[in-house]
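As structure tokens, the structure follows; a few thoughts come after it.
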Amino acid sequence: MQNYKLVEADYDGRIATKELTISQVAHMTRVKAKAIRYYESIGLLPSPPRGSNQYRRYSMGDVNRLILLRRIRYLGVPLSTAKSLLMGASDARCIDIQHELLQLVKVRLDELDREITELHLLRDEMEQYQHKLEHCHPDESEPFRTCVDMSCIAIPEETVKERNYQHDRL
């Protein structure tokens, strides 16, 4: 990532913050300009002030919010959940944002563990079904439309009940 000089001293030696264009912010955060405008339109990011040429002018706070948003999206957190964290980020301390992000990560890890457990159960069920199909021998001459014995294709009722029970326990 390219470094941008965001704080500089003016001719009197006072500190001034550099304003950034949307393309500079997009490049710094790896968030497309179109996405930045969308996030503004849905209220995830505050509308930035505009320069005399009516171009959006961004600050380091905006860059930090977008980096945080990008990380939140990477974690798979819904935008609705991200909104409160992003809106409060401007006035929060870095450590507070870190703690909130850590909590989101913990919740996401719990969700992933549940999904993995469900996928293992599904895989076991599919292996059992595969074994059943491999060892089932339907009448080879009977057309499917008139097939009376569907035991080779149907999933046994107890498998469905067991799957629902295990799913409810998660």
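Table: residues versus (1) touching a residue at least 60 places away in the same chain (Cβ under 8 Å); (2) in the same structural domain as I153 (by TED's automatic domain parsing); (3) among the β-branched types (V, I, T).
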| site | (1), (2), (3) |
| --- | --- |
| I42 | no, no, yes |
| G61 | no, no, no |
| S84 | no, no, no |
| H99 | no, no, no |
| T117 | no, yes, yes |
| Y129 | no, yes, no |
Problem - Residue list for segment 123-154, restricted to those being touching a Lys or Arg at 6+ places or on another chain (Cβ under 8 Å) and within 30 Å of L75 (Cβ to Cβ) - result: E125
Completion exercise
Just one listed residue, out of I67, I36, I97, is in a helix (DSSP H, G or I), over 28 Å from D110 (Cα atoms) and within 18 Å of the chain's Cα centre (by Cα), and it is I36
Completion exercise
Given (1) over 19 Å from the mean Cα position of the chain (by Cα); (2) loosely packed, with under 14 Cβ neighbours inside 10 Å, V107 misses just (1)
Fill in the blank from the handout: Of the conditions (1) surrounded by 13 or more Cβ atoms within 10 Å (Cβ to Cβ); (2) under 26 Å from I22 (Cα atoms), the single one that P78 does not satisfy is (1)
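The values are calculated or read from the model by the stated rules, or taken from the named source; none is laboratory data. The model shown is predicted, which means the values in this text are computed figures rather than measured ones. Backbone-built Cβ (ideal geometry, glycine too); neighbour counts: all protein chains shown.
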